[in-house]
Amino acid sequence: MTESRTVRLGLSENRAQFTLLVAVTAFVGAMVGLERSTLPLIGQHDFGIGSRAAVLSFIVAFGLAKAFTNLAAGGLAARVGRRRLLILGWALALPVPALIAVAPSWGVVVAANALLGINQGLAWSMTVVMKIDLVGPRRRGLALGLNEAAGYGGVAIAAAASAWLASDLAARDVLVVAGAVIAVGGLAVSALFVRDTAAHVALEQQGLQADAGERQPTLREALIHASLRDPGLRACSQAGLVNNLNDALAWGLIPLYMAAHGDGIGQIGLVAGLYPAVWGVAQVATGAWSDRVGRKPLIVAGMLVQALALGVLAATDGAVVGAALAAVVLGLGTALVYPTLIAAISDQVSPVTRAAVVGVYRFWRDSGYVVGGLIAGAAADAVGFGGAIGVVAALTAASGLWVALELGRPRGTRRRLASVQAA
């Protein structure tokens, strides 16, 4: 029996590999979740950094590295292979804990976070694309909901656990030891058990007779098309950027905001873990829901709910009860948006162009960490925490209105991209 006859598309048909990739995604999320409640405080306490913009420089470095890695990974996936890029991503995570352990200055920590961004760009991108490859078009929203739930479940558990341990142990030691364990575990599982999904891509492409001769677009073609020419892809890309702008604020500014109010690291860890926990769990339902009701209503509603949550956060002045409420609402809004945006992108492109276009979307989405780190840090230094959060809330509401106007215009994206290639 040949491989082409044994390969099947579907969630149940690929249950073992899909479940394994869900577990790998949880490892990926945990790797970055360790920093959520500890690293901004390490910057202040261990390195004596007073400027909020300077503390948030680690998020800017992370976002730049992850964004450009996503862009490159999309184009490399078909040529190098999804599995190889996944393994490379984990190999590059190994030095991160060691660099943070021996860092004599904050600049070395920032450099370590650039390496972490490359790890996240390769490893998370490949787990996303491989799950889409396995399930085919019918259960795409559910698959992405499960993927993002696992990843942000890992973020939440790691954020809360690291804060709890840091209440009794040195925060830097907790970050280093846990990071080393996660990096080694993720590399071992990926290298020993994950299989490539190229055959599934070929099988799905064969079923699209009109697109049977379509080739993978170049990086330039995919970047121009998804960023500028197609209104639906353009709307999704900007929404992804603003969503991660919010996440940069939650990651880097909220711990400082709460600490300034007098909250302890345990309380900060509660909020830092609560937000991705709600986000992670709710994504399973929202991803499947988008398969039934469509992508646009959930994306628009999610951006507006996030804006509301940030308004609540700005009004709390960092008090733990108000911050926890805002974290729950922010998590719900993000859950409506996060898996749905990638599903909306995937709906509009053929299998052979999917990795490149998803890579472009993830480039813009993770550029939100750069924009968020710069805006949140500079605004907090200029107008205080509440003012910075208010600025981001306004941008988030505007982003939702953009999606309402542009997503759902005339489609036919596959044919437009194919015609760009032919030209």
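The values are calculated or read from the model by the stated rules, or taken from the named source; none is laboratory data. Every value quoted in this text rests on a predicted model; they were computed, and no experiment measured them. Quick reminder, even Gly has a Cβ in these numbers, built from the backbone with ideal geometry, and neighbours come from all protein chains shown. Heads up: the accessible areas ignore ligands, DNA and RNA and are worked out on the full protein's heavy atoms, side chains in. Shrake-Rupley method; radii C 1.70, N 1.55, O 1.52, S 1.80 Å.
Mark the label point 7 Å from the Cα of residue 84 along Cα→Cβ and return the residues of segment 122-142 whose backbone N is within less than 17 Å of it.
Answer for segment 122-142: 122-123, 126-127, 130.
When the dipole is taken about the Cα centre of the chain, and only Lys, Arg (+1) and Asp, Glu (-1) are charged at their Cβ, what size is it in debye, to the nearest 20?
On the way: 31 positive and 22 negative charges, 310 e Å.
The dipole of the chain has a size of about 1480 debye.
Output the 0 to 90 degree angle, nearest 10, between the alpha-carbon long axis of helix 171-193 and the longest principal axis computed from the alpha carbons of the chain.
Taking the Cα atoms of the chain, the angle to 171-193 is about 10 degrees.
Viscosity 1.002 mPa s, temperature 20 °C: give me the Stokes-Einstein translational D for segment 180-306 in µm²/s, with Rh taken as the Kirkwood radius over C-alpha pairs.
Translational D for this selection: 112 µm²/s.
Would you mind pulling out the separation of the Cα centroids of segment 116-178 and segment 1-64, in Å?
4
What does the accessible area per residue of the chain come to in Å², with a 1.4 Å probe and no ligands, DNA or RNA counted?
Here the residues of the chain average 35 Å² of exposed surface.
Read phi for every residue in segment 320-334 and hand back ³J(HN,Hα) as whole Hz from Karplus 6.51 cos²θ - 1.76 cosθ + 1.60, θ = phi - 60°, with x for Gly and Pro.
The phi angles translate into 5, 5, x, 5, 5, 4, 4, 5, 5, 5, 4, x, 5, x, 5 Hz.
Quick one: order 371, 135 from most to least accessible surface, probe 1.4 Å.
The ranking, largest first, comes out as 371, 135.
In nm, give the distance between the simple-model label positions of residue 102 and residue 138, each being 7 Å from the Cα along the Cα-to-Cβ direction.
Those two pseudo-labels are separated by 5.4 nm.
Under a 1.4 angstrom probe, counting protein chains only, how are 66, 296 ranked by accessible area, largest first?
The most accessible residue leads, giving 296, 66.
Go ahead and run the numbers for FRET between residue 177 and residue 19, Cβ-Cβ distance against an R0 of 22 Å, rounding to 0.05.
Taking R0 as 22 Å, the efficiency between residue 177 and residue 19 is 0.20.
Can you list the residues of segment 250-275 with backbone N under 20 Å from a point 7 Å past the Cα of residue 324, pointing along Cα to Cβ?
Backbone N within reach: 250-251, 254-275.
Would you mind calculating the relative contact order of the chain from Cα pairs under 8 angstrom and at least 6 residues apart, reporting the percent as a whole number? Could the numbers behind the result be given before it?
On the way: 815 pairs, mean separation 114.2, N = 423.
This gives 27 percent for the chain.
Work from the charge dipole of the chain (Cβ charges, +1 for Lys and Arg, -1 for Asp and Glu, about the Cα centre) and give the residue of 92, 324, 203 farthest towards its positive end.
203
Tell me, in nm to one decimal, what length is gained between residue 394 and residue 229 on full extension, where the rule is 0.36 nm per residue of separation less the Cα-Cα distance?
So the extension gain works out to 56.8 nm.
Need the full-extension length gain, residue 68 to residue 45, defined as separation in residues times 0.36 nm minus the C-alpha distance. One decimal, nm.
5.2 nm
With runs of 4+ DSSP H residues as the only contributors, calculate the mean residue ellipticity of the chain at 222 nm using -39,500 (n - 2.57) per run, divided by the residue total and rounded to the nearest 500.
Numbers: 19 runs with 347 residues, N = 423.
It comes out at -28000 deg cm²/dmol, rounded to the nearest 500.
If you average the C-alpha positions of segment 281-316 and of segment 319-350 separately, how far apart do those two centres end up, in angstrom?
Using only Cα atoms to place each centre, the spacing works out to 5 Å.
Which whole-number value in Å³ per residue fits the convex hull of the alpha carbons of segment 303-377?
Numbers: hull volume 6.6 nm³, N = 75.
Value for segment 303-377: 88 Å³ per residue.
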